[in-house]
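Asker: Here it is, the structure in full.
Please treat every number below as a calculation from the coordinates, not as lab data. Source: prediction; values computed, not measured. Heads up, the Cβs are rebuilt from the backbone with ideal geometry, glycines too, and the neighbour counts pull from every protein chain shown.
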């Protein structure tokens, strides 16, 4: 049991004590839908705040109005993700809070990009839903089989991308240097973003496989919340990468 998702590793399912109900696939799906709804709810609030402030044409004021929510959501989401990862029993509380925090951040980011590239958010949302449905269909139909080689390849590639992003963040924080193809809108930049989007989609397949295995092994009921949270982490990454890709094609 291994996944490219940093919060959905085999160690999360080791040493679990089952004393009551066990997790089910339907329960995990229901909780994932609830987390998505909470993300949309808080994201819509941040979006409305930005749109209201920008109504008079003052983009700077609108950006200033939502910046605290964006940064607050990102920081709170990161902290809650750490807490959930190390305290799976609390997932029933921390996972919804994580969804709300991520919604605040994503709503602000989406509103800013929508102002610059009209229609981009709807495209990103539809593509995210489409990729999720397509990957689930391919996995359930058996067209994509999660073998050891497949799993190791996706995990290794995901780790390499994560390391590349960390290096780029370090360079940008302490120098004026950045890795060009991560941000540029040329053919190389668009190709890189397509690669990362494809990798995020393949990680969804690994997530499905991990969740199915955990269900078969009879993980405790509270792991439904944890698995739903883990799936949300991958979906947030996929959505952000789709926004990055679409913004590159608009430039």
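Asker: Who wins for biggest fluctuation among 161, 120, 109 in a Gaussian network model of the chain, springs between alpha carbons below 10 Å?
Answerer: Between 161, 120, 109, it is 161 that shows the largest mean-square fluctuation.
Asker: Take the alpha carbon gyration tensor of segment 127-167, find the square roots of its eigenvalues, order them as a ≥ b ≥ c, and report rounded if a/c is under 1.5; if not, report prolate when a/b exceeds b/c, else oblate.
Answerer: Oblate is the answer for segment 127-167, as a/c is 1.5 or above yet b/c matches or exceeds a/b.
Asker: So, one more: Across 10 Å bins from 0, what is the distribution of all Cα-Cα pair distances for segment 30-135, in whole percents?
Answerer: Per 10 Å bin, starting at 0, the Cα pair percentages come out as 16, 40, 32, 11, 1.
Asker: Same structure again: Arranged by the count of other C-beta atoms within 10 angstrom, fewest first, what order do 248, 221, 149 take?
Answerer: Taking fewest neighbouring Cβ atoms as first place, the list is 149, 221, 248.
Asker: How long is the gain from residue 41 to residue 26 if the chain were fully straight, where each residue apart is worth 0.36 nm and the alpha carbon distance is subtracted?
Answerer: Taking 0.36 nm per residue and subtracting the Cα distance, the gain is 3.1 nm.
Asker: If you look at just the Cα atoms of segment 10-250, how large are its Rg and its Dmax in Å?
Answerer: 18.8, 58
Asker: With everything on Cα atoms, drop me the angle between helix 59-86 and the longest principal axis of the chain, reported from 0 to 90° to the nearest 10.
Answerer: The angle comes out near 20 degrees.
Asker: Okay, moving on. For segment 118-208, take every pair of Cα atoms, bin their distances at 5 Å starting from 0, and report each bin as a whole percent.
Answerer: Histogramming segment 118-208 at 5 Å steps yields 2, 12, 17, 19, 19, 15, 10, 4, 1, 0 percent.
Asker: Then there's this: Sort 224, 241, 216, 114 by Cβ crowding within 10 Å, fewest neighbours at the top.
Answerer: Ascending Cβ contact count within 10 Å gives the list 216, 114, 241, 224.
Asker: Rounded, prolate or oblate: pick one for segment 82-164, where a ≥ b ≥ c are the square roots of the eigenvalues of its C-alpha gyration tensor, a/c under 1.5 means rounded, and failing that, prolate if a/b is larger than b/c, else oblate.
Answerer: Oblate shape, in that a/c is at least 1.5 and b/c is the bigger or equal ratio.
Asker: For labels at residue 217 and residue 150 in the simple 7 Å Cα→Cβ model, what's the distance in nm?
Answerer: 1.9 nm
Asker: Using only the alpha-carbon atoms, how far is helix 91-116 inclined from the longest principal axis of the chain? Give it as 0 to 90 degrees, nearest 10.
Answerer: With both axes taken from Cα atoms, the answer is about 30 degrees.
Asker: Could you give the length gained by full extension between residue 165 and residue 183, i.e. 0.36 nm per residue of separation minus their alpha carbon distance, to one decimal place?
Answerer: Fully extending the segment from residue 165 to residue 183 adds 5.4 nm.
Asker: With axes computed from alpha carbons, what is the tilt in degrees of helix 223-250 against the longest principal axis of the chain, rounded to the nearest 10 within 0 to 90?
Answerer: 30 degrees
Asker: Return, ordered by residue number, the residues of segment 183-227 whose backbone nitrogen is under 11 Å from a label point located 7 Å along Cα→Cβ of residue 134.
Answerer: 198, 201-202
Asker: Need one number: the % of Cα-Cα pairs in segment 188-251 sitting beyond the 20 Å mark.
Answerer: 40 percent
Asker: For 86, 229, what ranking results if the residue with the fewest other Cβ atoms within 10 Å of its Cβ goes first?
Answerer: Ranked by crowding around the Cβ, least crowded first: 86, 229.
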